[in-house]
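One structure is given here, and the rest of the page talks about it.
Read the figures in this text as sums done on the coordinates, not as results from a lab. Computed from a prediction, not measured in an experiment: that's the story for all the values here. Glycine gets a Cβ as well: all are built from the backbone with ideal geometry, and neighbour counts include every protein chain shown.
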Amino acid sequence: MFSTQLKSKLQGAESVTVLTGAGISAESGVPTFRGTDGIWKKFKPEDLANFDSFIRNPQLVWEWYKYRKQLIGSIQPNAGHIALAEMERRFPQFAIITQSIDNRHQRAGSRSIYELHGNVERNYCIGCGKSFTDAEIMRMDKAPRCTSCGDLVRPDVVWFGEQLPIDPWEKSASAAERAEIFFSIGTSAVVYPAASLPLSAKRAGAYLVDINVERTERSPWAEEVLLGRSGDILPMLLELCRSNRLSEHS
Ligand code: BJW
Ligand code: ZN
């Protein structure tokens, strides 16, 4: 499944960077936005994941998020998340840039994670910025309101038209530029600026690998396209890193 070139790149690499999307959690039972198994087809993310829709119909947007918070709260990291957490220990520099908001990389034990689109387990007031826990939110009305100022509370995620958080974005851009190998995993790579990261990595000399159940916008640019589920491919990739390491010592 893996080319000789990827094997030798993995053996020598000091710096590996990974970009993950919703597909990394598909096998944990979280539906993706797009792709053949995307079940949000009823709602386009563009229609719900924006500030104007939230102001127009906070109940509807909150219904979507409360449903997803409950779903996400009940799922475990899968073999893909776990393999990435293990891979982190095998390279001097290893970073996960994630568009996922579900916190499963953290749960799997990964340390160096840059969350580009926020984290659905956090919430804040749009008026005064006060934070609210999920437990508080779940007890509140359909569209929760701030206990200090009375304004609307929203999930701490990045919607269309909003700027990405500056610190994770800058760290992600540097991690892309320094990567010798860049893995784009379980993302359709249609949402910018995240979708530009595999391209900047490649421009800076990285070996680009696209891992997905189907070809993506990034496949034509990739040195290698690995078609399959990330929960199947990543453990095999980890095995490869392990055997590389053994042969280094023998
Ligand atoms: C598997 C698998 C398995 C399944 N194993 N794989 C025109 C051109 C260029 C840009 C723009 C434009 N018009 C507007 C823009 C900007 C816009 C944008 O990019 N729009 C595009 C849609 C065109 N971007 C923004 O607005 C961003 N901000 C920004 O640009 O700020 C600057 C600015 C400010 C003001 C004005 C203008 C610009 C912000 C983007 C925020 C995205 N937010 C969301 C919602 C987060 C909260 C939530 O979850 O509710 O983030 S949208 C949604 O898409 C979510 C995801 O992170 C993001 C990316 O999706 P992802 O992760 O790739 O998932 P899918 O479903 O698309 O793909 C899953 C893949 O997995 C598929 O390929 C499957 O095949 C695969 N898969 N099972 C491996 N087992
Ligand atoms: Zn407030």
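Summary table below
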| quantity | calculated |
| --- | --- |
| Hydrodynamic radius by Kirkwood, which averages 1/r over all alpha carbon pairs of segment 1-102, in angstrom | 16.1 Å |
| Highest-fluctuation residue, A176, A204, A222 considered, GNM on the chain with Cα pairs under 10 Å | A204 |
| Order of I211, I101, I75 under a 10 Å beta carbon neighbour criterion, fewest first | I75, I101, I211 |
| Binned Cα-Cα distance frequencies in segment 52-119 - 10 Å width, integer % | 19, 40, 25, 13, 3 |
| Exposure proxy order (Cβ contacts within 10 Å, fewest to most) of T98, T32 | T32, T98 |
| The chain: most fluctuating residue of R68, R218, R56 per GNM, C-alpha cutoff 10 Å | R56 |
| Segment 83-116: trypsin sites (Lys or Arg not before Pro) in DSSP loop, at most 13 other beta carbons within 10 Å | R89, R111 |
| F2/W64 FRET efficiency (R0 35 Å; Cβ-Cβ; nearest 0.05) | 0.35 |
| Segment 123-243, Cα convex hull volume normalised per residue, Å³ | 160 Å³ |
| Residues M140 and E223, FRET efficiency given R0 of 51 Å [Cβ-Cβ distance, rounded to 0.05] | 0.55 |
| Proximal lysine pairs, the chain, alpha carbons under 29 Å, eight or more residues apart or interchain | 21 |
| Residues T216, T17 arranged by fewest to most Cβ contacts within 10 Å | T216, T17 |
| Rg/Rh for the chain, where both radii come from Cα atoms and Rh is the Kirkwood radius | 1.00 |
| Highest-first arrangement of 131-140, 235-244, 22-31, where packing means the average Cβ count within 10 Å | 22-31, 235-244, 131-140 |
| For the chain, share of DSSP beta bridges that run antiparallel, in % to the nearest 5 | 25 percent |
